[in-house]
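A.B. asks: Have a look at the structure that comes next, please.
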Amino acid sequence: AAGVIQSPRHLIKEKRETATLKCYPIPRHDTVYWYQQGPGQDPQFLISFYEKMQSDKGSIPDRFSAQQFSDYHSELNMSSLELGDSALYFCASSLFGGGSSTDTQYFGPGTRLTVL
Amino acid sequence: SQQGEEDPQALSIQEGENATMNCSYKTSINNLQWYRQNSGRGLVHLILIRSNEREKHSGRLRVTLDTSKKSSSLLITASRAADTASYFCATDGGTRSNTGKLIFGQGTTLQVKP
């Protein structure tokens, strides 16, 4: 079965550079979520999109922005990178059911971002 | 953690033993989910339990939910070395306008020794 695809899998950037992370949800899934997981930490919700509109926003820095495109893939854009941005970034997709059992989120393998 | 605590933070057992992990959360919920994460890799969905359910089974997994205590437990029976991973509980925050975002607990690192 098709899974969530994230690219790149690994990314190394210098401080103050920009990075773009891409996420391709499971076909027919209409909702995408982004999470950040620092070393030894639990995943933290960043932002989500439902039907190409931002649906929720968490602890996402102003330096970050994201969008969902017409084909439902999503991109997380990160600017003015800081050392503290080094983390695993996960994308998850679901078929939004408003709190029903279809809300199960399927996670991609993550992008490991290292900021030097 | 935004969510609460997982107990224990680390657990080491022998293959064949049962492993129990507990999770507490702070807000009301619509449902609670458990995820597994192998070291540095993606999160794999294990099981979802709704707020009106008290217990759910899936293979060697048993999840309980006590909404009055805002707590859940995950039991893995007859553990295997391949069960070695970190386990996270996650809730949806139970807001009226449920957008589906997950609020994770800190996770329990389980080591199963062969």
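The values are calculated or read from the model by the stated rules, or taken from the named source; none is laboratory data. If you're wondering where the values come from, they're calculated on a predicted model, not measured in any experiment. A quick note on method: Cβ atoms are made from the backbone with ideal geometry, for glycine too, and the neighbour counts reach across all protein chains shown. All accessible areas refer to the heavy atoms of the entire protein, side chains included, with ligands and DNA or RNA removed. Shrake-Rupley method; radii C 1.70, N 1.55, O 1.52, S 1.80 Å.
A.B. asks: When the residues of the range A:2-33 are narrowed to those that are of a type in the set (S, T, N, Q) and away from every other protein chain (no Cβ under 14 Å), which ends up farthest from residue B:102 (Cα to Cα)? Outline the logic, then answer.
C.D. replies: Residues of the range A:2-33 that are of a type in the set (S, T, N, Q), as a first pass: A:6-7, A:18, A:20, A:31.
With away from every other protein chain (no Cβ under 14 Å) added as a condition, the list becomes A:18, A:20.
On the way: A:18: 27, A:20: 23 Å.
Filtering the range A:2-33 for residues that are of a type in the set (S, T, N, Q) and away from every other protein chain (no Cβ under 14 Å), the one farthest from residue B:102 (Cα to Cα) comes out as A:18.
A.B. asks: Hey, among the residues in the range B:77-107 that are crowded, with 23+ Cβ neighbours inside 10 Å and of a type in the set (Val, Ile, Thr), which one's farthest from residue B:22 (Cα to Cα)?
C.D. replies: B:103
A.B. asks: Does the range B:1-50 hold any residues that are part of a loop (DSSP other than H, G, I, E, B), within 11 Å of chain A (Cβ to nearest Cβ) and either under 14 Å from residue A:104 (Cα atoms) or out of contact with any strand residue (DSSP E or B) (no Cβ under 8 Å at 6 or more places or on another chain) (or both), and which are they?
C.D. replies: B:30, B:41
A.B. asks: Only one of these is open to solvent by 40 Å² or more (accessible area, probe 1.4 Å) and closer than 14 Å to residue A:11 by Cβ: A:95, A:81, A:116. Name it.
C.D. replies: Details: A:95 fails: closer than 14 Å to residue A:11 by Cβ; A:81 fails: open to solvent by 40 Å² or more (accessible area, probe 1.4 Å).
Unique residue meeting the criteria: A:116.
A.B. asks: Taking the range B:32-55 only, how many residues are in contact with a Ser or Thr (Cβ under 8 Å, 6 or more places away or on another chain) and of a type in the set (D, E, K, R)?
C.D. replies: Selection size over the range B:32-55: 4.
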